[in-house]
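> Got a structure for you, questions after.
Each value in this text was obtained by applying a stated rule to the coordinates, not by laboratory testing. What you see is a predicted model, and the numbers here were worked out from it, not measured in a lab. Reconstructed Cβ throughout: ideal geometry from the backbone, glycine too, with neighbour counts over all protein chains shown.
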């Protein structure tokens, strides 16, 4: 008698005593599992499921948790900016030994169903394998708690940056962009140097101009654009 079962998205034809490598199952070595997706039973009275045979099952004993052969994936792009990448992969597998093929009574056998580790949630795996279900959601809870302070820290600098321009505007700073050759970038440099009003610029001496040229790398822009004269006119108005 043989059976065709489905597990891990693949189909296998098995008989009692067969050794089989299937996609990783959530079970330890020595445990007994049952495959409930039986598509066909062969023998004296063959049966075909629609799509599975009700109450049929195939029981197996977990021999070991293993890995498949290494597969190398190499990609190379021949272009002006060429690139190449090499990746290796070893599929996680479970080695099982088929012990019994059941045409009926699988639902009352009491053997845990074979569940793939990547097909259901951790809580479902814990419930099927008999592990503590309360311990399963503990890790996600810690992740949420750890993520909360990071979100608060990330939001704080943004709020400070948005509030900064408002604070400068409230301090009574002049619009220095009204000076010839002053754009947002130069205005920011002047603000960082503590210059926020036309009155400050109007009062600059030659020493102040030389210091600003050196400090902010203006390279003679102050005299060339006539900032002091413009500032004096604006303070008069």
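> Taking only segment 72-101 into account, find how many residues are assigned to a strand (DSSP E or B) and touching a residue at least 60 places away in the same chain (Cβ under 8 Å).
Of all residues in segment 72-101, those assigned to a strand (DSSP E or B) come to 72-77, 83-89, 92-101.
Keeping just the survivors that are touching a residue at least 60 places away in the same chain (Cβ under 8 Å) gives 92-101.
Total meeting the criteria: 10.
> Given 24, 90, which one is more than 16 Å from residue 5 (Cα to Cα) and either exposed (fewer than 15 other Cβ atoms within 10 Å of the Cβ) or touching a strand residue (DSSP E or B) at 6+ places or on another chain (Cβ under 9 Å) (or both)?
Working: 24 fails: more than 16 Å from residue 5 (Cα to Cα).
Matching residue, one of 24, 90: 90.
> State which residue is farthest from the chain's Cα centre (by Cα) when the search covers only segment 1-52 and only residues that are under 16 Å from residue 105 (Cα atoms) and in a loop (DSSP other than H, G, I, E, B).
This residue is 49.
> Related question: Of 69, 64, 55, which residue is surrounded by fewer than 17 Cβ atoms within 10 Å (Cβ to Cβ), part of a loop (DSSP other than H, G, I, E, B) and touching a residue at least 24 places away in the same chain (Cβ under 8 Å)? Please lay out each step first, then the result.
On the way: 69 fails: touching a residue at least 24 places away in the same chain (Cβ under 8 Å); 64 fails: part of a loop (DSSP other than H, G, I, E, B).
The unique qualifying residue is 55.
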